[in-house]
Amino acid sequence: MTGDAVLSSTVQTHLGEGLRWDERRDEMLGVDILEGRVYRIAVADSGALSLVREYWVPGTVGAIAPVEGDEGWLLAAGRGFVHLSPDGCLRPLPPVAPVGTRMNDAACDPRGRLWAGTLANDAHPGGGALYRLDVDGSVDVVLSDLTIANGLGWNPDATTMYLVDSGPRVVHAFAFDADTGTLSDDRVLVEVPKEVGTPDGLTVDAGGDIWVAVYGGARVQRYSPAGQLRETLPLPAHQVTSCAFAGPGLHLLYVTTATEGWTEEERAAAPDSGRVYHFDTDATGRPAQMFRPDPTWWATVVS
């Protein structure tokens, strides 16, 4: 169903993450969390990647989202959110997460709210949470007592939200009310066995299948909406961190990998770890949802 992994990048990241397809510019977005690096990448018809521009953020950066009516992006970075302009100007919003934690993965729902997960700096159980940044700038803690709040996504009709908690190695499925942005009926859809690895980032294709990067497992797992394992996509890199469909037709699945905690000697000995790969799939992806801020509030952020 899916071809072999193809090496697509030349940059070796420490913790490459957060791939998104920005349809405004037909570019792929991504981050290197621990380096505070944000990057924009062009995707050729062949699947080859070329760097458009990179930016640097003080501290860590967990995720990036395009912004409707704005040429820039919204970052989940440090302990809160930051607006990034195309010229590299950073406009931080007030921190929302407590000292000793940081933002991790984040994604926008179909109504334009940004949902962002956190973890404690020591990743202790219960130290993570899930935040919702609404379009008027208000922030709510939706879930607490998580460990490593990670991959986020919605099914095609936006009635279900998926959330990875990497600590207990599970993918949650919640009933999602798009009008109110509320969750209910939590259930564990997938539990990844310890010997397989740890679920990390995810993406949901146009048909509703859920593609989960498995950190420490050298693979991406493809699940049905019911949680049935449909397919395993092996990679030559051990730390697999995120995945997203990108490029013309949105049928190529791009996958980030990492070299987290490695020495420079270990990175040199495994030069293809920490790079981006892609698979040619039988699925069609969806572009990243945009953050859709209220113009009155947003003018106070970007002014």
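The values are calculated or read from the model by the stated rules, or taken from the named source; none is laboratory data. Note that the structure is predicted; figures quoted are calculated from it, not measured. Here the Cβ is made from the backbone with ideal geometry for all residues, glycine too, and neighbour counts use every protein chain on show.
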Review point. Does E17 count as under 20 Å from G117 (Cβ atoms) and in contact (Cβ under 8 Å) with a residue 24 or more places away in the chain?
Key: yes
Point to revise | strands (runs of 3 or more DSSP E) within the range 218-303 that include 3 or more residues in contact (Cβ under 8 Å) with a residue 24 or more places away in the chain, farther than 30 Å from R132 by Cβ and not basic (K, R) | key: 229-234, 276-280
Practice item. Find the strands (runs of 3 or more DSSP E) located wholly in the range 20-107 whose residues include 1 or more that are acidic (D, E) and modelled with pLDDT of 95 or more, and list them. Key: 27-32, 49-56
Exercise for review: Among the numbered conditions (1) more than 13 Å from N104 (Cα to Cα); (2) of a type in the set (A, V, I, L, M); (3) under 20 Å from the mean Cα position of the chain (by Cα), tell me where A175 comes up short.
Suggested key: (3)
Exercise for review: Scan the range 104-127 and report the pairs whose first residue is under 30 Å from P295 (Cα atoms) and whose second residue is of a type in the set (D, E, K, R) and in a strand (DSSP E or B), with Cβ atoms within less than 6 Å and a gap of 6+ or a chain change.
Suggested key: R113/R132; W115/R132; G117/D105
Study note, to complete from the structure: Taking the range 1-19 and keeping residues in contact with a strand residue (DSSP E or B) (Cβ under 8 Å, 6 or more places away or on another chain) and outside any strand (DSSP E or B) leaves M1, T2, G3, D4, A5, S8, S9, V11, T13, H14
Check your understanding: Being among the hydrophobic types (A, V, I, L, M, F, W, C), over 12 Å from the mean Cα position of the chain (by Cα), under 23 Å from L119 (Cα atoms) and surrounded by fewer than 20 Cβ atoms within 10 Å (Cβ to Cβ), is that true of even one residue in the range 221-230?
Key -> no
Point to revise | Only one of V170, V188, V135 that is farther than 26 Å from R222 by Cα and among the aliphatic types (A, V, I, L, M) | key: V135
